[in-house]
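A short write-up of the structure that comes next.
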Amino acid sequence: MPHSNDPPDLLISRALAGSGEAIDALLGLYRNYLQLLARTQIDMHLALRLNPSDIVQETLLRAFRGFPQFRGTTEGELLVWLRRILAHCLADQSRQHRAQRRDARQEVSWEASCDRSNAQLAALLVDRGESPSQMAVRREQCVLLADALERLPEDYRQVLVLRHLERIEFAEVAARMGRSSAAVRMLWARALERLRTELESSP
């Protein structure tokens, strides 16, 4: 029976062989990653009260049902596929709430935006001076980062998401969080240090 602590490559192999249990265990590895991307996209682009958890649940449901259409073999290829599904779910919700007609160009823009957020998440490693060799080489770094961010206190996670994923200046971050710029800078520094500790303690 597959377990969520099995290596992704092993789960992918079993999932491609048709194991529903392996597909379920595999997709469960990326809930935090998708949740982070969904939250970022909603905050940046939608003035709507959407629940990121609902978007992620729909994304995972579509991925489970459509897994036979996945043509990749690696975790990196799986992330690209999952981001595409997430982008389509976001586009569907945007149309539903704004009563817009289906527009393929809009879906492409959602895909590009999700890809940009993924790249900005990866850039957090560069900002911290982390080298790829210091991370678990068997896992995609963005997934490890998303899992580590999920373990942080909410204010730590918020300041890192606003500053690094949404690329907001400290003054605006301070306004959003209801704190002074100096306090936010101190919070940001502590959050980075806590993130480093979480990454170093990751299995």
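Only the coordinates and a few stated rules stand behind these numbers; no lab work does. This is a predicted model, so every value here is computed, not measured. Note: ideal-geometry Cβ built from the backbone for every residue, glycine included; neighbour counts use all protein chains shown.
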FRET efficiency, 1/(1 + (r/R0)^6) with R0 22 Å, evaluated for ARG65 and ALA17 via beta carbons: 0.80
For every other residue with a beta carbon closer than 11 angstrom to the beta carbon of MET177, add +1 if it is Lys or Arg and -1 if Asp or Glu, then tell me the sum. 0
Need the full-extension length gain, ASN51 to GLU193, defined as separation in residues times 0.36 nm minus the C-alpha distance. One decimal, nm. 48.2 nm
Once R0 is set to 22 Å, what does the formula 1/(1 + (r/R0)^6) return for the Cβ-Cβ distance between SER181 and ASP155, expressed as a FRET efficiency to the nearest 0.05? 0.90
How much net charge surrounds ASN118 when only the other residues with a Cβ under 12 Å from the Cβ of ASN118 are counted, with Lys and Arg +1 and Asp and Glu -1? 0
Note, ³J(HN,Hα) from phi for the range 15-27, Karplus 6.51, -1.76, 1.60, rounded to Hz, x at Gly and Pro: 5, 5, 7, x, 6, x, 5, 5, 4, 4, 5, 5, 5
Spin-label pair ARG95/THR73, simplified geometry with 7 Å Cα→Cβ offset, distance in nm: 3.5 nm
Everything considered on the Cα gyration tensor (a ≥ b ≥ c; rounded for a/c under 1.5, else prolate if a/b is larger than b/c, else oblate), the range 151-203 must be described as prolate
GLN69: net charge of surrounding residues, Cβ under 12 Å, Lys/Arg +1, Asp/Glu -1, itself excluded? +4
